[in-house]
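The values are calculated or read from the model by the stated rules, or taken from the named source; none is laboratory data. Please read these numbers as outputs of a predicted model, since none were measured by experiment. Cβ atoms come from the backbone with ideal geometry, glycine included; neighbour counts cover every protein chain shown. Keep in mind that these areas ignore ligands, DNA and RNA; they rest on the heavy atoms of the full protein, side chains included. Shrake-Rupley method; radii C 1.70, N 1.55, O 1.52, S 1.80 Å.
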Amino acid sequence: TAIPRGTYPITITQSARFGKPLPLLSDVPSFAGIRIHPGNTSADTEGCILVGTNRAEDSIGNSRAAFGMVFEHIRDALEAGESVEIEIQ
């Protein structure tokens with residue numbers, strides 16, 4: 001499945017599945033629980049967004065490092081009172 005094109009607000013909430021705080025997309029039509037988290041292949045997600053620093057045909061690399069950077073930016077912006085959004089194209 002694919003997240004519909006659009007711009008979605010992001011918050012950080014505790015993930016019951018992963019047992020730690022993770023970014024959560026809100027207001028995604030027909031979807032709930034869409035998060036941003038580390039992972040390298042489609043086997044690592046059920047429709048969430050995976051991040052990495054490089055890409056191969058069927059995988060992404062350096063996912064944990066990339067996630068750490070993305071999470072830090074999102075967290076810092078939210079703590080500063082800024083709104084955070086992601087645009088899906």
Problem set entry | Subset of the stretch 28-72 [modelled with pLDDT of 95 or more and among the aromatic types (Phe, Trp, Tyr)] | Phe67, Phe71
For this session: Output the number of the condition that Ile34 fails; it satisfies all remaining conditions of (1) β-branched (Val, Ile, Thr); (2) out of contact with any helix residue (DSSP H, G or I) (no Cβ under 9 Å at 6 or more places or on another chain); (3) open to solvent by 50 Å² or more (accessible area, probe 1.4 Å).
Result: (3)
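Go through Gly39, Gly33, Gly81 for me and flag whichever is part of a loop (DSSP other than H, G, I, E, B), in contact (Cβ under 8 Å) with a residue 24 or more places away in the chain and small (Gly, Ala, Ser).
The unique qualifying residue is Gly39.
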Exercise. Which of the residues spanning the stretch 8-18 are over 11 Å from Val84 (Cβ atoms) and either open to solvent by less than 50 Å² (accessible area, probe 1.4 Å) or assigned to a strand (DSSP E or B) (or both)?
Worked result: Thr13, Gln14, Ser15
